[in-house]
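Scroll down for the structure; my scribbles are underneath it.
The values are calculated or read from the model by the stated rules, or taken from the named source; none is laboratory data. All figures in this text were calculated on a predicted structure; none of them were measured in a lab. Reconstructed Cβ throughout: ideal geometry from the backbone, glycine too, with neighbour counts over all protein chains shown.
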Amino acid sequence: MAAQLCVALDGSDRDWIVATARQLGPNVDWLKIGLEAFTAHGPDLVRDVCSYEPSIFLDLKLHDIPTTVARAAANCARLGVNLLNVHAGGGRAMMEAAVEGVREVDPSGTTKVIAVTILTSLDSSALAELGSTDQSEELVLRWAKLARQCGLDGVVASAREAAKIRRVCGPDFLIVTPGIRPSWAAGNDQRRIVTPVDAVLAGSDILVVGRPITTADDPQAAAANIFAEMNS
Ligand code: C5P
């Protein structure tokens, strides 16, 4: 499939989130609701945003004991979202429980479950500080393979690892990539960033872009520019 664009609606202002969803929804493939918006406005906001055109990615990065994650993931699926995620660091039992929880309420597979490998805001010195002895790329590949074995549909991963994940996990494994920065945008707090075209060339399926679009003077034009770069 051609790579798709997902806009991260990161914010706490409900009116802004709904207005941005209405403005950008028809022009992008996905909208993403994350922790900031969810902790401010909860499931009602998700239901509201689900009424707009694109597919919805609920990015709560679930990470807890298997039973808790299974029930929380099932609740996310009941909201009608198309994609949700859990931390691969929660391990095999937790990832398998998440998939089971979702499939119980969504046997047809409308809601995909993916794993977060390493946050794109963590560079190797941050990982070393956390005690990781693996290089971040090895850890990402190991966690991506484990996620696939656990029945997950894909991973969130930096484009820097996308090509290797594709080779190891196959053509049907969804690779969702944040940390995208077109050359004209600021890096903000992201550390392992790549351009839209490099992410597409690396094999990413869904490019997640937040601030370069949402803080642009003209968000629709910024999204169109990124689409153009993705297809260039
Ligand atoms: O504004 P920016 O483009 O940096 O937004 C990136 C989005 O992707 C944020 O919503 C962030 O929470 C999310 N994300 C990330 N790194 C991950 C997983 C999700 O940046 N590994």
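Listed by first and then second residue, the pairs with beta-carbon distance under 7 Å, at least 6 apart or on different chains, first residue in the stretch 98-127 and under 11 Å from Val86 (Cβ atoms), second crowded, with 23+ Cβ neighbours inside 10 Å and of a type in the set (Ser, Thr, Tyr), are Val102/Thr111. Whenever a residue of the stretch 135-163 is closer than 15 Å to Val99 by Cα, its partners that are outside any helix (DSSP H, G or I) and among the small types (Gly, Ala, Ser), lying with C-beta atoms within less than 6 angstrom and at least six residues away or across chains, give the pairs Ala147/Ala115; Leu152/Ala115; Val155/Ala115. Examine the stretch 16-33 for a residue that is surrounded by fewer than 23 Cβ atoms within 10 Å (Cβ to Cβ), over 29 Å from Ala202 (Cβ atoms), within 15 Å of the ligand (Cβ to nearest atom) and not small (Gly, Ala, Ser), and state whether such a residue exists. Yes, the stretch 16-33 contains at least one residue that is surrounded by fewer than 23 Cβ atoms within 10 Å (Cβ to Cβ), over 29 Å from Ala202 (Cβ atoms), within 15 Å of the ligand (Cβ to nearest atom) and not small (Gly, Ala, Ser). Remark: pairs (first residue in the stretch 207-229, within 14 Å of Gln23 (Cβ to Cβ); second residue outside any helix (DSSP H, G or I) and more than 12 Å from the ligand (Cβ to nearest atom); Cβ separation under 8 Å; 6+ apart in sequence or on different chains) = Ala223/Val28. Among the residues of the stretch 198-217, those that are assigned to a helix (DSSP H, G or I), surrounded by 20 or more Cβ atoms within 10 Å (Cβ to Cβ) and hydrophobic (A, V, I, L, M, F, W, C) comprise Ala199, Val200, Ala202, Ile213. I'd like to know if the stretch 197-204 contains one or more residues that are at pLDDT 95 or above, polar (S, T, N, Q) and within 14 Å of the ligand (Cβ to nearest atom). The answer is yes, given that some residue of the stretch 197-204 is at pLDDT 95 or above, polar (S, T, N, Q) and within 14 Å of the ligand (Cβ to nearest atom).
Looking across the stretch 20-32, the residues that are in contact (Cβ under 8 Å) with a residue 40 or more places away in the chain and either outside any helix (DSSP H, G or I) or touching a Ser or Thr at 6+ places or on another chain (Cβ under 6 Å) (or both) come down to Val28, Asp29, Trp30, Lys32.
Within the option set Ser132, Ser108, being of a type in the set (Ser, Thr, Tyr) and over 23 Å from Ala77 (Cα atoms) holds for one residue only, Ser132.
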